[in-house]
Amino acid sequence: MQTILITGGTGLIGKALTSALLAAGHKVIILTRNPDRYQESGKLSYAAWDPAAGTIDEAAIRKGSAVIHLAGAGVADKRWSVKRKMEILNSRVKGGELLCKALTTIPNEISVVVAASAIGWYGPDPVIPNPKPFEETAPAYDDFLGSTCQIWERSMDPITAMGKRLVVLRTGIVLAMEGGALAEFVKPLRFGFATILSSGKQMISWIHLQDLVRLYLNAMESGSWQGIYNAVGPIPVNNKNLVLTLAKLVRGSSFLPIHVPGILLKMVLGEMSIEVLKSTTVSSSKIRTAGFQFAFPTIESALNSLIKST
């Protein structure tokens, strides 16, 4: 049994990870700005941290065996104003800096940190269709998300210098019915509309939530894992195929495919529409070579399991 500290533990991925860790017999301490909002139970507890203020519960750090660092403002939660972009960046960088400072200055037995990053590191596919998938060695793209991911990952570099194992997972689009992109595609299906974004040809590098949870646990537990890994499924899918596969599972044949013009998305979403419409094909070969096996390797198996679970 270990004591695992989780930042961002109250979000979509954090909740699923917490459940899996508790089921495996571990203790979990969730670092949050508002620990008093949550009810502790059994092996689950909460401790205070505030990256903006630079404060963290020293007792929690002393108790920890490993850290899973997920915290960061939601990229797609709000329109990208200048202020919002700074929130997205600072919430990630200041969190990493605070963790590194705490692990340097507070006596602890933490041996591994598994940190989130995103496939926003990569730019758009240079060709569509049949692009060459991006691998972990590709340089960061020169745009907002690419630069954010680069600074975000760099904030965690001191972990390695401390002699601790650092694993960074560049995560794709997470498929879950509880939230995220998939929930947005399900909403118009309630009215019989399958909303394909623009041409629908843009590639989506996705991963089922359960596979992502297993990947985090594997990265934490396997001492051979170190460095950067793409957390995506083995078979990317284009937007049109994802939406139509989902529509058939939810509605059978009683739905109407509708293409949402790119210009309309730009009017509604502003700069964020670039990411919504971007085609990014990302390779999972490194994690598969490391021995990870997907429970949901195809979009059909992933969506079928999610629909059945609701």
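The values are calculated or read from the model by the stated rules, or taken from the named source; none is laboratory data. Not measured: the values here are computed from a predicted model. Using ideal geometry, Cβ is built from the backbone for each residue, glycine included, and neighbour counts are taken over all protein chains shown.
Details
- Checked against (1) at pLDDT below 95; (2) farther than 22 Å from LYS43 by Cα; (3) under 16 Å from the mean Cα position of the chain (by Cα), ILE119 meets all criteria but (1).
- Which listed residue, of ALA20, ALA66, ALA73, is under 19 Å from MET156 (Cα atoms) and in contact (Cβ under 8 Å) with a residue 24 or more places away in the chain: ALA66
- Answer residue from segment 92-116, given it is among the small types (Gly, Ala, Ser) and over 16 Å from the mean Cα position of the chain (by Cα) and is surrounded by the most Cβ atoms within 10 Å (Cβ to Cβ) among those: ALA102
- Residue in segment 218-225 that is surrounded by 17 or more Cβ atoms within 10 Å (Cβ to Cβ) and over 23 Å from ALA295 (Cβ atoms) present: no
- Of the helices (runs of 4 or more DSSP H) that lie entirely inside segment 227-310, those containing 2 or more residues that are more than 23 Å from ASP143 (Cβ to Cβ) and among the hydrophobic types (A, V, I, L, M, F, W, C) span 239-251, 299-309.
- Residues located in segment 61-87, provided they are closer than 25 Å to ILE4 by Cα and modelled with pLDDT under 95: ALA71, GLY72, ALA73, GLY74
- Residue in segment 240-259 that is under 21 Å from GLY180 (Cα atoms), of a type in the set (Ser, Thr, Tyr) and within 23 Å of the chain's Cα centre (by Cα) present: yes
- Single unsatisfied condition, LEU217 versus (1) within 19 Å of the chain's Cα centre (by Cα); (2) farther than 30 Å from LYS164 by Cβ: (2)
- For segment 262-277, the set of residues classified as crowded, with 19+ Cβ neighbours inside 10 Å and out of contact with any strand residue (DSSP E or B) (no Cβ under 8 Å at 6 or more places or on another chain) consists of MET272, SER273, listed by residue number.
- Odd one out for ASP125 among (1) assigned to a loop (DSSP other than H, G, I, E, B); (2) in contact with a Pro (Cβ under 6 Å, 6 or more places away or on another chain); (3) farther than 18 Å from ARG170 by Cβ: (3)
- From the list ARG170, ARG214, ARG251, the one residue that fits, being in contact (Cβ under 8 Å) with a residue 40 or more places away in the chain, charged (D, E, K, R) and crowded, with 21+ Cβ neighbours inside 10 Å, is ARG170.
- Considering segment 110-132, the residues that are touching a helix residue (DSSP H, G or I) at 6+ places or on another chain (Cβ under 8 Å) and of a type outside the set (A, V, I, L, M) include one that is nearest to SER279 (Cα to Cα), namely GLY123.
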